[in-house]
Amino acid sequence: MGIRYAISDLAVPDKAESMPGRMPHNRRIAKRLLLMLVLGLLVGLGCAGPLNSLSTTNYVPGDTFRDCDVCPVMVVVSEGKFTMGTPVSEPKSENRERPRHDVTISRRFAMGIFEITFDEWDACVEAKGCNNYLPDDERWGRGKRPVIYVNWHDADAYVEWLSQVTGEDYRLPSEAEWEFSARAGTATAYSFGNDEGDLCLFANSADASLNAGKDEGYLPLDCNDGFGTETAPVGSFKPNPYGIYDVHGNVWEWVADCWNDTYAGAPSDGSAWTEGSCNQRVLRSASWVDARGGSLRSGHRGRIDVSMRSNNLGFRVARTIEQ
């Protein structure tokens, strides 16, 4: 098996590459009818269930829902203001996480409480979506483990399919939305505080099982999280204060933003930063191969080429909520 690479330190040369745009999701009657027909076919195939009868406009922050039987479980996240990035005083922080800046998210949105699983990805493929791509699972198992070997375009194909099936605006979260949700009102290095010794309670990371000679250069934790050198089923560890799981470790998560070396000029409204090195996209969360290098912190940022697939790369989704 073996570890593929440490993503946050990987340098990828710039390439001229155009990024495919996503189809806008309006609410016109004609499209609603088309989406209802698509969903009806999926229900008939046993791939999806009916939409919730209660509109998410009636939900309050902290409520959870799912839009169909094979859709991810989402939690409503409140609008709010936070300081994005890390102070120089935070141990293991990096210049790429600065300058710290205030971000105001003016609208509620929904975030997946889990990383997208193989079950959810395979349902997309069964319904003839996701470009019929079936990622390898490294013989770790599929089911509730996070899908791996998905690049940025794969993740975008999934949210496009999910949007078409449900008639809702599913998308990759912006980097600001991701950090706002991961921090969950905290300003500490981790969503649970500053004590690295608690990581094995909250994160599938490089623990004591990743020891001795296998992977030189890694500094595993002294604790044992119980999952060795592989992904863990989503929800295996404690959630953050918003009830969101695996914001530290398990798999790196793609977000919508293009890569920029610092936050100088970053949006202040919570939207995705769509300028910069767009052949690379931002990654958050870190993964099962990361530990004492600091990449599991809430403010850490990684990057990689949009076409890259690996056994520690996955994603979670966000969803726009009509106000």
Residues satisfying the stated conditions in segment 152-175, i.e. surrounded by fewer than 24 Cβ atoms within 10 Å (Cβ to Cβ), in contact (Cβ under 8 Å) with a residue 40 or more places away in the chain and over 10 Å from Phe315 (Cβ atoms): His153, Glu160, Ser163, Gln164, Thr166, Gly167, Glu168, Asp169, Arg171
Single match in Asp156, Asp169, Asp137 (criterion: touching a helix residue (DSSP H, G or I) at 6+ places or on another chain (Cβ under 8 Å) and either of a type in the set (Phe, Trp, Tyr) or within 17 Å of Arg309 (Cα to Cα) (or both)): Asp137
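For every residue, the table says whether it meets (1) β-branched (Val, Ile, Thr); (2) within 20 Å of the chain's Cα centre (by Cα); (3) under 22 Å from Gly141 (Cβ atoms).
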| site | (1), (2), (3) |
| --- | --- |
| Trp178 | no, yes, no |
| Gly193 | no, no, no |
| Leu199 | no, yes, no |
| Leu210 | no, no, yes |
Starting from residues that are part of a loop (DSSP other than H, G, I, E, B) and in contact with a His (Cβ under 8 Å, 6 or more places away or on another chain), keep the ones in segment 254-296 and report whichever is nearest to Phe109 (Cα to Cα). Ser268
Tabulated pairs, segment 252-275, first more than 16 Å from Asp156 (Cα to Cα), second basic (Lys, Arg) and not in a strand (DSSP E or B), C-beta under 7 angstrom, 6+ apart or interchain: Asp261/Arg96; Thr262/Arg96; Thr262/Arg98; Tyr263/Arg98
Consider segment 176-203. How many of its residues are among the small types (Gly, Ala, Ser), in contact (Cβ under 8 Å) with a residue 12 or more places away in the chain and surrounded by fewer than 20 Cβ atoms within 10 Å (Cβ to Cβ)? 4
Inspect all residues belonging to segment 106-114 and state whether any of them is in contact (Cβ under 8 Å) with a residue 12 or more places away in the chain, under 19 Å from Ser287 (Cα atoms) and not in a strand (DSSP E or B). yes
Which number in (1) touching an Asp or Glu at 6+ places or on another chain (Cβ under 9 Å); (2) not in a loop (DSSP other than H, G, I, E, B) marks the one condition that Asn224 misses? (2)
Can you tell me which residue is modelled with the highest pLDDT among those in segment 228-268 that are out of contact with any helix residue (DSSP H, G or I) (no Cβ under 8 Å at 6 or more places or on another chain) and among the charged types (D, E, K, R)? Asp246
Scan segment 37-51 and tell me whether some residue there is of a type outside the set (A, V, I, L, M), in a loop (DSSP other than H, G, I, E, B), closer than 23 Å to Pro173 by Cα and at pLDDT below 95. no
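The values are calculated or read from the model by the stated rules, or taken from the named source; none is laboratory data. A quick note: this is a predicted structure, and the numbers were derived from the prediction, not measured. Virtual Cβ from ideal backbone geometry, glycine too; neighbours counted across all protein chains shown.
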